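Taking it in order: structure first as C-alpha cells, then the write-up.
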Amino acid sequence: MHLNQAFSLMIITIGAALLPNISYRLKLPPVVAEILFGVLVGKTFLNVTFSGEWLPFLANLGFLMLMFLAGVEINFSMLEKQKPRQLLLYGVIFIATLTLAYIFSLSMGQGLFLALILSTTSLGLVVPTLHDVGISKAPLGQSILISATLADFLTFFGITFYLLFQKHGFSWQFIIPVPLFIFFGLLLWIARLWFWWNPEKAASLLGKSGPSELGVRFSMALLFIFVALSRVVGLDPLLGAFMGGCLLSFIFREKRLLEEKLTALAYGFLIPFFFIYVGIQFELKNILDKNQLLLIAKILLAAFVIKIIPSLLLVINKFPWKCALKAGILLSARLSLIVAAASIGVQQGFITPHLKDSIIL
C-alpha cells in the first residue's frame, strides 16, 4: 500500500499522539507501543509505503535527541561523591559485565560490538523505577544508579573507539577525536568558571520559562554543535550527540527543570518518530526460522546473566544477596538504548538487519 506524503504524515502523527494513552491502558511502556505500531503499519503486516523524506528525517532527529538525553541523564555530581574504592567496584562490575557479554557474543558467532550492545542499560527505565519504589536516594538505589550511569557512559565511549578502530586500526587516525575531546574539556572548564561567577544568570538559563526558552535553545545549539564537530573529526554524529548531552549534564548540576523541558520536547514529539520508524523497518520474517529463534533465546538469556552475576559483587558494599540480585534484574532493563546501539551497528555494517531485529524483539 502506497500513501502520499499528506496521508502518511497524518497516520504517523495520529499514532504518535494516541499511543501513550493506549500503552498506559495496556500497561506497556510507550516505547514498546511505538515499536509495535511501526511493526503493524510497516514491512511485517500492512506494508504501508510512506512517501517523502520527512519520516526518515524526523526519525534521525529523534535518534539524535535520544542519544543527547542519554548523556544528559549522566549524574556527574553523584559520581564525584563516590570514594575511589567504590568507583573501583563499579568499574569492576562493568568490566565483568562486558567480559561475560563478550563470551556470550563469541558463542553466538559475533564479536565485540554485540558485547557492547548487550552491556547497555537504560537509565530511562532505571531512574523512574527507583523513584516509584521510593529508594532512589537510598544506598541501594544510588548504587544501582551509579552502575547504570557507568554502563551507559562507558558503553557508548567503547562504541566510539570500536568504530574508529574498525575504520583506521591502530594508526594516527585512531586519535582523530582527540581535538573534539580537547574542545570538550576546554568548554567544560570555561563554562564551569562562568557559572561559578554568574549563579543568577545560570539559574535563569536553567529554569526561566518564556517565549525565548534560553535553556532549551542553548541545549539544542549544543546538540547540533557536537553533531557538526563529530562530522569534522570523523565520529558518528550519534556519539557526538551523546557527548553534547554529557557536557550539558557536567555544566548544569541542578538541571531538573531544564531536563524536564528537554524530555517533554524529545519524548513528546521527536523520539516517538524514531521508535515508530524502527518498527516500520522491523521484518518478522527475519526471525521466524529455527536458528534465529534459538539466537533470540540466547540473547534473552545473556541479557539477564551478564547483568545479574556481576551485580552480586555489590555484597562487597555490605548489601544483602537478595538486594544485589534485585539490582541485577533492574540493570537488565535496556529498551531504548539497546535499540539505539543496534541501529548504529546496522548503519555501520557491524551486525545484520536479522540480528538487529532479534535484538529489538
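The values are calculated or read from the model by the stated rules, or taken from the named source; none is laboratory data. Computed from a prediction, not measured in an experiment: that's the story for all the values here. Neighbour counts run over all protein chains shown; Cβ positions are idealised from the backbone, glycine included. Keep in mind that these areas ignore ligands, DNA and RNA; they rest on the heavy atoms of the full protein, side chains included. Shrake-Rupley method; radii C 1.70, N 1.55, O 1.52, S 1.80 Å.
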>> Against the conditions (1) more than 21 Å from the chain's Cα centre (by Cα); (2) free of Cβ contacts under 8 Å to residues at least 60 places away in the same chain; (3) over 19 Å from I287 (Cβ atoms); (4) open to solvent by 30 Å² or more (accessible area, probe 1.4 Å), where does S51 fall short? Just the number, please.
In response: (4)
> Do you know which residues across region 332-359 are surrounded by 20 or more Cβ atoms within 10 Å (Cβ to Cβ), closer than 20 Å to M67 by Cβ and among the hydrophobic types (A, V, I, L, M, F, W, C)?
Replying inline: A333, L337, I338, V339, A340, A341, A342, I344, F350, I351, I359
> When you scan region 104-130, how many residues do you find that are in contact with a Gly (Cβ under 9 Å, 6 or more places away or on another chain) and open to solvent by 50 Å² or more (accessible area, probe 1.4 Å)?
Replying inline: 1
> Within region 233-268, which residues are without any contact (Cβ under 8 Å) to a residue 12 or more places away in the chain and of a type in the set (A, V, I, L, M, F, W, C)?
Replying inline: A264
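Mind telling me which of the residues L265, L284, L257, L295 ends up being more than 18 Å from L114 (Cβ to Cβ) and either touching a helix residue (DSSP H, G or I) at 6+ places or on another chain (Cβ under 6 Å) or among the small types (G, A, S) (or both)?
Working: L265 fails: either touching a helix residue (DSSP H, G or I) at 6+ places or on another chain (Cβ under 6 Å) or among the small types (G, A, S) (or both); L284 fails: either touching a helix residue (DSSP H, G or I) at 6+ places or on another chain (Cβ under 6 Å) or among the small types (G, A, S) (or both); L295 fails: more than 18 Å from L114 (Cβ to Cβ).
Being more than 18 Å from L114 (Cβ to Cβ) and either touching a helix residue (DSSP H, G or I) at 6+ places or on another chain (Cβ under 6 Å) or among the small types (G, A, S) (or both) holds for just one of L265, L284, L257, L295, which is L257.
Considering only residues that are under 17 Å from Q86 (Cα atoms), open to solvent by 30 Å² or more (accessible area, probe 1.4 Å) and part of a helix (DSSP H, G or I), which ones fall in region 299-322? Give the derivation first.
Of all residues in region 299-322, those under 17 Å from Q86 (Cα atoms) come to 310-320.
From what is left, the residues that are open to solvent by 30 Å² or more (accessible area, probe 1.4 Å) are 312-313, 315-320.
Within region 299-322, L312, L313, V315, I316, N317 meet the criteria.
Taking the condition surrounded by fewer than 19 Cβ atoms within 10 Å (Cβ to Cβ), assigned to a helix (DSSP H, G or I) and touching a residue at least 24 places away in the same chain (Cβ under 8 Å), does N60 pass?
Numbers: surrounded by fewer than 19 Cβ atoms within 10 Å (Cβ to Cβ): yes; assigned to a helix (DSSP H, G or I): yes; touching a residue at least 24 places away in the same chain (Cβ under 8 Å): yes.
Answer is yes for this residue.
Listed here are the residues, each with its yes/no results for (1) within 25 Å of A333 (Cβ to Cβ); (2) of a type outside the set (G, A, S); (3) surrounded by 19 or more Cβ atoms within 10 Å (Cβ to Cβ).
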| position | (1), (2), (3) |
| --- | --- |
| S136 | yes, no, no |
| G141 | yes, no, yes |
| I144 | yes, yes, yes |
| G158 | yes, no, no |
| F161 | no, yes, no |
| L164 | no, yes, yes |
| K167 | no, yes, no |
| F170 | no, yes, no |
> Just one of the numbered conditions (1) modelled with pLDDT of 80 or more; (2) over 17 Å from I308 (Cα atoms); (3) open to solvent by less than 10 Å² (accessible area, probe 1.4 Å); (4) not acidic (D, E) is not true of P177; which one?
Replying inline: (1)
> Out of all the residues in region 2-45, which are exposed (fewer than 13 other Cβ atoms within 10 Å of the Cβ) and on the phi < 0 side of the Ramachandran plot?
Replying inline: H2, N4, A6, M10, I14, A17, L18, N21, Y24, R25, L26, F45
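Within region 122-154, which residues are in a loop (DSSP other than H, G, I, E, B), farther than 16 Å from C246 by Cα and not aliphatic (A, V, I, L, M)?
G134, S136, K137 - these are the residues of region 122-154 that are in a loop (DSSP other than H, G, I, E, B), farther than 16 Å from C246 by Cα and not aliphatic (A, V, I, L, M).
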>> Kindly evaluate I296 against the criterion of being of a type in the set (A, V, I, L, M, F, W, C) and touching a Gly at 6+ places or on another chain (Cβ under 7 Å).
In response: no
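Just need a number here: residues in region 182-213 that are surrounded by 11 or more Cβ atoms within 10 Å (Cβ to Cβ) and either modelled with pLDDT under 75 or outside any helix (DSSP H, G or I) (or both). Walk me through how you get there before you give the answer.
Residues of region 182-213 that are surrounded by 11 or more Cβ atoms within 10 Å (Cβ to Cβ), as a first pass: 183-185, 187-188, 190-192, 194-195, 198, 201-209, 213.
If we keep only those that are either modelled with pLDDT under 75 or outside any helix (DSSP H, G or I) (or both) as well, we get 183-185, 187-188, 191-192, 195, 198, 201-209, 213.
Looking only at that region, the number is 19.
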> What are the pairs, 6+ residues apart or on separate chains, where a residue within region 102-126 that is modelled with pLDDT of 90 or more has its Cβ under 7 Å from a residue that is among the aromatic types (F, W, Y)?
Replying inline: L112/Y102; L112/Y162; F113/Y162; F113/F350; A115/Y102; L116/Y162; L118/F104
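Please determine, by comparing only the residues of region 240-298 that are of a type in the set (D, E) and assigned to a loop (DSSP other than H, G, I, E, B), which one is least open to solvent (accessible area, probe 1.4 Å).
Across region 240-298, the extreme among qualifying residues is E283.
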> Which residue, of E73, E80, is modelled with pLDDT under 90, charged (D, E, K, R) and within 28 Å of F274 (Cα to Cα)?
Replying inline: E73
> Only one of (1) surrounded by 16 or more Cβ atoms within 10 Å (Cβ to Cβ); (2) more than 15 Å from the chain's Cα centre (by Cα); (3) assigned to a loop (DSSP other than H, G, I, E, B) is not met by Q82, so which one is it?
Replying inline: (1)
>> Suppose the filter is closer than 15 Å to T120 by Cβ and among the polar types (S, T, N, Q); does S332 pass it?
In response: yes
